[in-house]
Amino acid sequence: MLGRKVLLNEMKKVLIVDDDRYIRELYEELLKSEGYTVETAVDGEDGLNKISAGGYDLILLDVMMPKIDGYGVLVKLEDQAPKTKNGPIIILTNLANDPIIDQALTKGAKAAFIKSDHTPQEFLQMVKEYLT
């Protein structure tokens, strides 16, 4: 049964866009341990390039990053459709009451995930909800 779960998840491709190396590597390791295919981007510019190419089932996009912040990525995506359709974009942040969350939701993000408020298991549960 576990082998089947891993095979099903390997069909799901997730992009993590976060400049925090620790967070990026933690989330990547968690997702790979569940059998997901994972790609990462180290800043908003790198993330925008990968999102524009498309083909992701889920995109996890940090808000505060160098070059282009997460909100800036969402704004740019309004003007340039990806070559291949992507799944939902979830905003990652540490600030629960940040007004940027509401702004991001109006620009196409499907939800916000407060990194500092959740355990790794809760992170995995959130990902599974959006990939089911």
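Bear in mind these aren't lab numbers, they're just calculated from the coordinates by the rules spelled out. This one's a predicted model, so the numbers in the text were calculated from it and none came from an experiment. Note that we place each Cβ from the backbone using ideal geometry, even for glycine, and neighbour counts take in every protein chain shown.
Points worth noting:
- Just one of the listed residues (K85, K76) is under 14 Å from K13 (Cβ atoms), of a type in the set (K, R) and surrounded by fewer than 17 Cβ atoms within 10 Å (Cβ to Cβ), and it is K85.
- Selection of region 90-123 for residues being among the β-branched types (V, I, T) and out of contact with any helix residue (DSSP H, G or I) (no Cβ under 7 Å at 6 or more places or on another chain) yields I101, T106, I114, T119.
- Considering only residues in region 42-69 that are under 10 Å from the mean Cα position of the chain (by Cα) and not β-branched (V, I, T), the one that is surrounded by the fewest Cβ atoms within 10 Å (Cβ to Cβ) turns out to be D57.
- When the test is whether a residue is in contact with a Leu (Cβ under 7 Å, 6 or more places away or on another chain), in contact (Cβ under 8 Å) with a residue 12 or more places away in the chain, closer than 18 Å to I68 by Cα and of a type in the set (D, E), D18 passes it.
- Residue that is nearest to G70 (Cα to Cα) [pool: residues in region 26-41 that are in contact with a strand residue (DSSP E or B) (Cβ under 8 Å, 6 or more places away or on another chain) and without any contact (Cβ under 8 Å) to a residue 40 or more places away in the chain]: A41
- Whenever a residue of region 92-106 is of a type in the set (S, T, N, Q), its partners that are in a strand (DSSP E or B), lying with C-beta atoms within less than 8 angstrom and at least six residues away or across chains, give the pairs T93/D62; T93/A112; T93/F113; T93/I114; N94/I114.
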